[in-house]
Structures are given as structure tokens and as C-alpha cells.
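Trainee: Below you'll find the structure I mean.
Coordinate-derived values only; no laboratory data. Here the structure is a predicted model, which is why all the values come from computation and not from measurement. Backbone-built Cβ (ideal geometry, glycine too); neighbour counts: all protein chains shown.
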Amino acid sequence: MSEKTFEQRLAALEETVRNMESGKLSLEETLAAYESGVKEAETLKQQLDAAEKRMLELSGGELKPMENAP
């Protein structure tokens, strides 16, 4: 099975948060969801850090504002 994309991981984390905020989970389910969410958030952070590092490498070590950015 292939690795989840950043977008898939983010959507899964958002779904976990919605489930927790719904108030319909038991205490045990909420704790399990929280633990899963923390792990997913750490993976997302690692992916963002890797992307930033790559962008710095490609830009010569300095990130510059994008022209015509919204």
C-alpha cells in the first residue's frame, strides 16, 4: 500500500478533530483519537519541514516572497 499524501493526512487529521469535537466519542475513543491525531500532526510537521528544507535548497538558502501572491 502506498504512503498517504500530505493532503490525505491533513484530511484525516481534520476528520479526527471533527469527531472529537462532536462530543459523541467515549472517553476511551477520545483518548485514542487524540493519540492518533498527535502522531498524524507530527508526521505533517515533518513533511512540511522537509518541504521547506527542499525549497531553501532550491532557492539558494533564502526564501523570497512570491510575486503576485494573493
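Trainee: Let me test this: with uniform point scatterers at the alpha carbons of the chain, what is the Debye-based log₁₀ I(q)/I(0) at q = 0.11, 0.14, 0.15, 0.21 1/Å?
Mentor: So the normalised log intensities work out to -0.43, -0.61, -0.66, -0.91.
Trainee: Number of Lys-Lys pairs in the chain under 23 Å by Cα, sequence gap 8 or more or different chains?
Mentor: Value for the chain: 8.
Trainee: For the pair ASP49 and ASN19, what calculated FRET efficiency results from E = 1/(1 + (r/R0)^6), where r is the Cβ-Cβ distance and R0 = 25 Å, to the nearest 0.05?
Mentor: According to the calculation, E is roughly 0.40.
Trainee: From the helices alone, meaning DSSP H stretches of at least four residues, give me the mean residue ellipticity at 222 nm for the chain, per-run term -39500 (n - 2.57), in deg cm²/dmol to the nearest 500. Please list the in-between numbers first.
Mentor: On the way: 2 runs with 48 residues, N = 70.
Roughly -24000 deg cm²/dmol at 222 nm, from the helical runs in the chain.
Trainee: Highest GNM mean-square fluctuation, the chain, Cα pairs closer than 10 Å: which of LEU58, LEU13, LEU25?
Mentor: Result for the chain, Cα springs under 10 Å: LEU58 fluctuates most.
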